[in-house]
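Worksheet: one structure, shown below.
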């Protein structure tokens, strides 16, 4: 019988609440899903990770982003907009997971091409259930886009635009 390697699934969680971030990490690590989990505590750090800047040069592009809206330094709405307007990042599914139930946040998130919007439950057991549901749906049911070599989409480093 062949020894089948588990698929490594890279997840970026952008969450400034350390308790919520820790709980999401624990739930994802406790399940059968094999994943590499990266945490960003604000929007600036999230974009540094996604664009492989500074100490994040070797962090792989995530297969899924779980994004809070209310973040310090750079708001989650700004992060979502940057992701979905970037040729290299826009294919990555973004799950908004936030405390906000405001209709304008929900509508704006979908207008910015969020893949889904989830309001964080206050109850611990419900919170765990929601995180497990995210994992089950995105990694058991959905077919995620393949990780491709997107270097041909990078801007020309000489400062001039290149036509490909």
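The values are calculated or read from the model by the stated rules, or taken from the named source; none is laboratory data. Remember, it's a predicted structure, so these values are computed and weren't measured experimentally. Note that each Cβ is placed from the backbone with ideal geometry, even for glycine, and that neighbours are counted across all protein chains shown.
Mind checking which helices (runs of 4 or more DSSP H) fall wholly inside segment 59-154 and carry at least 1 residues that are out of contact with any strand residue (DSSP E or B) (no Cβ under 9 Å at 6 or more places or on another chain) and farther than 23 Å from residue 21 by Cα? Step through it out loud before you land on a result.
Working: elements: 76-84, 103-111, 124-136.
Hits in segment 59-154: 103-111.
Screening the candidates 52, 111, 85 for the property of being on the phi > 0 side of the Ramachandran plot and free of Cβ contacts under 8 Å to residues at least 12 places away in the same chain yields one hit, 52.
Take the residues of segment 24-45 that are over 27 Å from residue 81 (Cβ atoms) and in a helix (DSSP H, G or I): which is modelled with the lowest pLDDT?
Initially, segment 24-45 is screened for residues over 27 Å from residue 81 (Cβ atoms), giving 26-27, 29-34.
From what is left, the residues that are in a helix (DSSP H, G or I) are 26-27, 29-30.
Numbers: 26: 85, 27: 85, 29: 78, 30: 73.
Step by step, filter segment 24-45, then rank; the result is 30.
Return a yes/no flag: does segment 24-47 have any residue that is within 16 Å of residue 113 (Cβ to Cβ), touching a residue at least 40 places away in the same chain (Cβ under 8 Å) and buried (at least 22 other Cβ atoms within 10 Å of the Cβ).
Restricting attention to segment 24-47, the residues satisfying the condition of being within 16 Å of residue 113 (Cβ to Cβ) are none.
No, that holds for no residue.
So that you can scan it fast, the table gives a plain yes or no per residue for (1) in contact with a helix residue (DSSP H, G or I) (Cβ under 6 Å, 6 or more places away or on another chain); (2) surrounded by fewer than 17 Cβ atoms within 10 Å (Cβ to Cβ):
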{"position": "112", "(1), (2)": "yes, no"}
{"position": "122", "(1), (2)": "no, yes"}
{"position": "125", "(1), (2)": "no, yes"}
{"position": "128", "(1), (2)": "yes, yes"}
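Taken over segment 60-91, the residue count meeting the criterion of being over 15 Å from residue 37 (Cα atoms) and touching a helix residue (DSSP H, G or I) at 6+ places or on another chain (Cβ under 9 Å) is 20.
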